[in-house]
Amino acid sequence: MPRTTPLSDIRNIGIIAHVDAGKTTTTERILYYTGRKHTIIDIHDTKDLKTSTTTDYLEQEQKRGITIQSAAVSAFWRDKKINLIDTPGHVDFTIEVNRSLRVLDGAVVVFDGVAGVEPQSETNWRLADNYHVPRMCYVNKMDRSGANFLRCVDMIKKRLGARPLPVQLPIGSEDNFKGMIDLVEMKALVWESDDKDAVWQALEITPDIADKLKITTPSDRAILASIDKYRTELIDTCLEQDDDAMEAYLTDGTVPSGDVLRKALRKGTLNSAFTIVLCGSSYKNKGVQQVLDAVVDYLPAPTDVPAIKTVDADGEPIGERKCSDDEPFSALAFKVINDIYGALTFVRVYSGVLTKGASVQNSTRGKREKIGRMVEMFAKEANPVEEARAGDIIALVSLADTETGDTLCDAANPVVLERMRFPDPVISVSVKSKVKAEQEKFGTALGKMVRADPSLHLETDRETGQTILRGMGELHLEVTLDRMRTEFGVEGTMGEPQVAYRETFTKKLTEQYIHKKQTGGSGQFAEVWIVFEPLERGAGFEFVDETVGGSVPREFVPSVEKGLKIQKEDGVLAHYPTVDFRATLIDGSFHDVDSNALTFEIAAKACFREAIRKAGPILLEPVMKVETVTPGDYLGDVIGDINRRRGAILDQLERGTNIAVVANVPLSEMFGYIGQLRGMTSGRASYTMEFSHYDPVPRQVADDVIAEVAKAKAAAVG
Ligand SMILES: Nc1nc2c(ncn2[C@@H]2O[C@H](COP(=O)(O)OP(=O)(O)OP(=O)(O)O)[C@@H](O)[C@H]2O)c(=O)[nH]1
Ligand SMILES: [Mg+2]
C-alpha cells in the first residue's frame, strides 16, 4: 500500500497549557471546524456524565471538568493531516505532557488572556524547550473580563524568556471582543456573532477602524492605533529570516508579500528564532480557524525537525534515524493504556513502515514482539489500520513485553531511540482493597495502572507488608484509585498521604566489610572495600568499579552493585531511600570455593549499612514551588500563613487584578492548605504547586518524622 498523506502534509502537534486555559475547549472546536464532529460539547455541561467532549471522555474528567490523560485525535485542514494531542494542565498529570512532547513535532501553547503566563504554562514551556519542540502561542479567553493581550505578550517575554511576535492583534476585548487584526494580510477579521457557525468578514484597515467597529475602551483603541508599529515589527523580524527579501526591501523598499512573510514566519518558528502569538476566544468561537491555519502554515512536518537520535546502552547519542519510509523501521512506545480492547501501546513511528503481522524487536528489552492488531485512535475510538509509516502515531493492541519508553525496531537493523525522562513521585499513600476477598484482583488492577503511568510507583513496605503507592500529588493518587473503580470494578481505600522523604550521606568515608560464614563443609566468603561519598542534590546513585587485578572477580562486580541498590532503598534513619551518593568499589578479596554472586551481594549490603551509620545521615524533604494567587486585600494573611508553613517567599507578581505570591514550601506543610486558604480569603484565592527540589529537613522536624515512622511501623507490625 503506498503512502496516502505525504510526510510534508502531516502535523503532529500537542496543545499544552496551565489548567483551564482552554485546551480541551479549543480541541473541541478544532474537531468541529474540520468537520470531524457535528456538535460542540462544553466542559461545564459534562458533570452529569450524560455527555462528554471528545477528548475528556473519562468519567473522572467529565465530573471534574479537567483533563487527566492526554488524548489523540486527528483531522484534516487545507489537505494537511493534523494529529493532535490534547494534554492536561494540572501538574499532577505532568507525565502526560512530558510523553506527548517527546513524540510530537510542534505545540500550540494556550494562555488564559486574563491570567497570562501561569505556573504550568512555564513548566510546560521548559519541557518543550528540553525536547526542542517548535511552538506557537495562542492567547485565548479574550472575551473574559480583565483580558489583556499585550500584558500576556509581555509575560511571555519576561517569564518565559521567549521572543514573542504577534501576528494578530485583538479587536476589542471582554464583552466587546470582535475578532482580530491579521498583521500578515493586513485585514480586520470581524465576526458577526458568537455562534459556532458565525462567519467573519475580512475588512480593510482604515484609520477610523476603531470608530467604525465601535471600540470604545481606551486600551483597546490604543491597540488599534498601534497596528503600524506591530506590522513593522513583524516585517523587520521576517526580513531577518530571508536574505532575498531583505535585499529587495533595502534596494527599492519592496514590502514582502503575504506568502513571503508566511515563509519567513515558518522558518523562524522552526528554528525557534521567535514565537508567533495569536489571539481569540475558543468558547465564543472566534479565532480557532486561524489557529488551524497557523498550525498548517508555521508548525513543522515530521521532516522539518532534526532526525531522531539513536543512543547506546548509557543513553549517549551515537547516531540518528531519518524520518523516511525508506529507512529501517523504528518507533518509540510513549504510552500504554488499559482499554476495553486490552492493553494499547501508543507508538510514534520515526522511520520505515510497520505492517500488521510483522515481527519486530523490542531493542530496549531484547525481546521479540509480534504485531497483531494496529489501530489509529480517535480519542477513545479505535480504527483498525493495516500499516503505519514514518511520522504516524498509532496504537498496537496487546503487546507482550513493551513498556513506556521502549524502542521497537527492525530486528535486522536494531537501534535504541533517545529515552524519555519521567518525573519522580513525591507523595505516597498506603492502599488496600476495600473488600478483603478481592485483594488479588485489586493488586492486578493496581499493577496495570502503574504500568500505564510511569509517574506512579508501587512498593511493598518490607516491615509492615503494606502496599505503598507513590505519585505526583493527592489528586493524582485519588484519581488513580477512582479509575480502578470505573475501569476494573475494584474499590480501594487509601491511608493519609505521606511525604516521600529521602536520606543521604553528608561525609565521605571508606568502609571495609568481610562476609564470612562456615556451616559444615561449605562456607561463604566475600570481602569488599567501598568508598561512599555525597553527590549534589538530584544526582541519584552512582556506582563505580575501580578494582584492579581481579581482587573482586569481574563476574561478581554486578552483585556488589545489586546489593547496594537493594540496600540503599531502606535508609537507616526512617527507612526512606538513600539518594545522591556515589559508591566506588576499590578493593576486596574472594575465596575460590566459598565466594559467589550471593556472598558479594550480602557483603555489599552489610557494607552499606555500616557505612551510612557513620556517614552523618540526614533526612531530605521535597520542597514545592507554590504559587498562590490572591486579591491584594488578603496578601498579608497569605504571606503570614506561608511563613508559618516554613515557606520562603521568592517573588510577588501582578496577575491581572490579583497578586501571585511565589514561594518554596516543604510539601509536608502543604496538606490541608486549600481549606485554610479558602477560609482565609473567603474562597477568593487559589494556588498551584509543583515539585522543586529536595532540601535537608531541619533537625527538630526530622526527629519528629523519624519518631513518627518508628511508631507507625511498630503499630502496623504489632
Ligand atoms: N470565557 C471563556 N471561557 C473559556 C474559553 N475557553 C475555555 N473556557 C472555559 O474555561 C474552562 C476550562 O476550559 P478547558 O477547555 O477545560 O481547559 P483546559 O485547558 O482543557 O483545562 P485542563 O485540561 O484541565 O488543563 C471551561 O469552563 C471553559 O468553558 C474562552 O475562550 N472564553
Ligand atoms: Mg483539558
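Can you list residues whose amide H is under 5 Å from Val490's amide H, if they're 5+ apart or on another chain and H is modeled 1.01 Å from N?
Arg485
Under the rule of at least 5 residues apart or a separate chain, name every residue whose amide H is placed under 5 Å from the amide H of Thr275.
Counting only residues 5 or more places away or on other chains, the set is Arg163, Leu165.
When the Karplus curve 6.51 cos²θ - 1.76 cosθ + 1.60 is applied with θ = phi - 60°, which whole-Hz ³J(HN,Hα) does each residue of segment 255-262 get, with x for Gly and Pro?
With the stated coefficients, segment 255-262 comes to 7, x, 6, x, 5, 5, 4, 4 Hz.
Is the shape of segment 101-215 best called rounded, prolate or oblate, per the rule: a/c under 1.5 gives rounded, else a/b larger than b/c gives prolate, else oblate, with a ≥ b ≥ c the square roots of the Cα gyration tensor eigenvalues?
Numbers: a/c = 2.12, a/b = 1.92, b/c = 1.10.
In terms of gyration-tensor shape, prolate.
When the scattering of segment 1-130 is computed by the Debye formula from its Cα atoms alone, each counted once and equally, what is log10 I(q)/I(0) at q = 0.17, 0.18 Å⁻¹?
Relative scattering, expressed as log10 I(q)/I(0), comes to -0.89, -0.98.
When the Cα centres of segment 133-153 and segment 287-321 are compared, how far apart do they sit, in Å?
So the two Cα centres are separated by 25 Å.
Which of Leu354, Leu469, Met142 sits closest to the plus end of the dipole of the chain, meaning its Cα is farthest towards the positive end, when Lys and Arg get +1 and Asp and Glu get -1 on the C-beta?
Checked the options; the winner is Leu469.
Take the Cα gyration tensor of segment 664-718, multiply each eigenvalue by 5, square-root it, and list the three semi-axes largest first, rounded to whole angstrom.
Details: eigenvalues 171, 52, 20 Å².
Listed largest to smallest, the semi-axes of segment 664-718 are 29, 16, 10 Å.
Could you work out the percent of alpha carbon pairs in segment 380-437 separated by over 18 Å, rounded to a whole number?
When all Cα pairs of segment 380-437 are counted, 64 percent exceed 18 Å.
Which three extents, in angstrom, do the Cα atoms of segment 1-74 have along their principal axes, listed largest first?
The principal-axis extents, from largest down, are 45, 27, 21 Å.
Going by alpha carbons, how many degrees (0 to 90, nearest 10) lie between the helix axis of 227-239 and the longest principal axis of the chain?
Once rounded, the angle reads 60 degrees.
Under the classification rounded if a/c is under 1.5, otherwise prolate if a/b is larger than b/c and oblate if not, where does segment 431-567 fall, given a ≥ b ≥ c as square roots of the Cα gyration tensor eigenvalues?
Prolate shape, in that a/c is at least 1.5 and a/b is the bigger ratio.
Could you give the spread of the C-alpha atoms of segment 178-255 along their three principal axes, from largest to smallest, in whole angstroms?
So the three principal-axis extents are 44, 29, 17 Å.
Mind checking Rg over Rh on segment 341-439, alpha carbons, Kirkwood formula for Rh? Don't skip to the end; give the middle numbers.
Numbers: Rg = 16.6 Å, Rh = 15.4 Å.
Dividing the radius of gyration by the Kirkwood radius yields 1.08.
For segment 611-718, what does the alpha-carbon gyration tensor say about shape, rounded, prolate or oblate, given a ≥ b ≥ c as the root eigenvalues, a/c under 1.5 as rounded, and a/b over b/c as prolate? Don't jump to the answer; show the numbers that get you there.
On the way: a/c = 3.28, a/b = 2.04, b/c = 1.61.
Judged from the Cα gyration tensor, segment 611-718 comes out prolate (a/c at least 1.5, a/b above b/c).
Segment 344-394: D in µm²/s via Stokes-Einstein (Kirkwood Rh, Cα pairs, 37 °C, 0.692 mPa s)? Present the calculation step by step, with values, prior to reporting the outcome.
Working: Rh = 11.6 Å.
D = 284 µm²/s.
Radius of gyration and Dmax for the chain's Cα atoms, expressed in Å?
Computed over the Cα atoms of the chain, radius of gyration and Dmax are 28.5, 103 Å.
Strictly over 28 Å apart at the Cα level, which of Lys370/Lys448; Lys432/Lys562; Lys212/Lys263 would you flag in this model? Show your work: numbers first, answer last.
On the way: Lys370/Lys448 21 Å; Lys432/Lys562 30 Å; Lys212/Lys263 32 Å.
Among Lys370/Lys448; Lys432/Lys562; Lys212/Lys263, the Cα-Cα distance tops 28 Å for Lys432/Lys562; Lys212/Lys263.
Which far-off residues, 5 or more places away or on another chain, put their amide H under 5 Å from the one on Gly14, with H placed in the peptide plane?
Ile85, Gly106, Ala107, Val108
FYI, it's all coordinate maths here, none of it is from the lab. These figures come from a predicted structure and were not determined experimentally. Virtual Cβ from ideal backbone geometry, glycine too; neighbours counted across all protein chains shown.
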